[in-house]
1. With a bin width of 10 angstrom, please list the P(r) values of the chain as percents of all Cα-Cα pairs, from the 0 bin to the one holding the largest distance.
2. Based only on Cα atoms, what mean projected area does the convex hull of segment 1-143 have, in nm²?
3. Rank by packing, highest mean first: peptides 215-228, 86-99, with packing defined as the count of other Cβ atoms within 10 Å averaged across residues.
4. Quick check: net charge around THR172, other residues with Cβ under 14 Å of its Cβ, Lys/Arg +1 and Asp/Glu -1?
5. Just order 194-205, 177-188 by mean Cβ neighbour count inside 10 Å, highest at the front, would you?
6. Measuring from centroid to centroid over Cα atoms, what is the spacing of segment 8-35 and segment 192-239 in Å?
7. Per-residue counts of other Cβ atoms within 10 Å, averaged by peptide: what ranking do you get for 160-168, 254-262, highest first?
8. Need one word for segment 154-196: rounded, prolate or oblate. Basis is the Cα gyration tensor (sqrt eigenvalues a ≥ b ≥ c); a/c below 1.5 gives rounded, then a/b vs b/c decides.
Amino acid sequence: MDESHVDNLFLELAGETRRSMIQILTKGDERLSKIAESLGISIQDAHRNSSRLVKCGLINKNSDNLFYLTSLGMSIAQQLDSFEFLTRHNQFFQTHTMGNLDTKFIRRIGDLANSRYVSGMGPVLETLKRIAKESEKNINIISTQYPLDTARVVVEKANQNISIHYIFDHHTTVPQKEREELLKNTSWRKHISEGIVKRKMVEKLHVCLTSTEKEAIVFFPDLKGNNDMISGFFSQDPIFLGWCDDYFDHVWKIGDSFDESKLVKT
């Protein structure tokens, strides 16, 4: 594809109506009249915009007069969610980065589009506790912090034989006295020996999360690479959860054995 074709492609994608038409066609082939009705525009406007999309190779029309996405159009459609997510949260990403996130997850960042922004220590802590409380199968945690209220819920879930997997880094801060008291009064070490609780450690974490089979929240680091766990993105969307599961599995595979001595105890 030459530069002029790329320029034309971005020009066509600048139109909200044309982007909406592409999104509609991701669900299947459709007649122009139905597309116009879905978008609340005239058939003339729909025809004009569809002609532009055909010209740049994003859509085409089959023998049944149904419009469909071409291979190029399908590829572009998969990237639109990424553009939408990043532009919708442009102010957030002015002060946050993707950190050391692997390229394959950055390419799929649009999987997080169907989410809600949660900001503030109170709302975030309540979200973390609720996510843990409502789990019925498993809880996965990647974290550089140890919120005691959430930890108490996680311990209780382990007592109910809910599978717990967590990953800390060498800079994870834990309140030593409170943590030791909590673990002393529970069967935490027994859960570890029985495999109900599994844990690993990596040198440095940037992107953190807490996820279950139902919902998840993802946190990104600030410009200095420090994880910001007072603002994140929450969702129950299956695609969002798939991204979280894949990211957790990726970090788990590269993690080392858990080393208690590496924790920063306060």
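1. 6, 26, 27, 17, 13, 8, 3, 0
2. 12.6
3. Taking the mean over residues of other Cβ atoms within 10 Å, the ranking is 215-228, 86-99.
4. It works out to a net charge of +1.
5. The most tightly packed comes first, giving 194-205, 177-188.
6. Their Cα centres are 35 Å away from one another.
7. Per-residue mean Cβ counts within 10 Å order the peptides as 160-168, 254-262.
8. Oblate.
The values are calculated or read from the model by the stated rules, or taken from the named source; none is laboratory data. Keep in mind that what you see is a predicted model, and the values were worked out from it rather than measured. Note that each Cβ is placed from the backbone with ideal geometry, even for glycine, and that neighbours are counted across all protein chains shown. Only protein heavy atoms, including side chains, enter the accessible area calculation; ligands, DNA and RNA are left aside. Shrake-Rupley method; radii C 1.70, N 1.55, O 1.52, S 1.80 Å.
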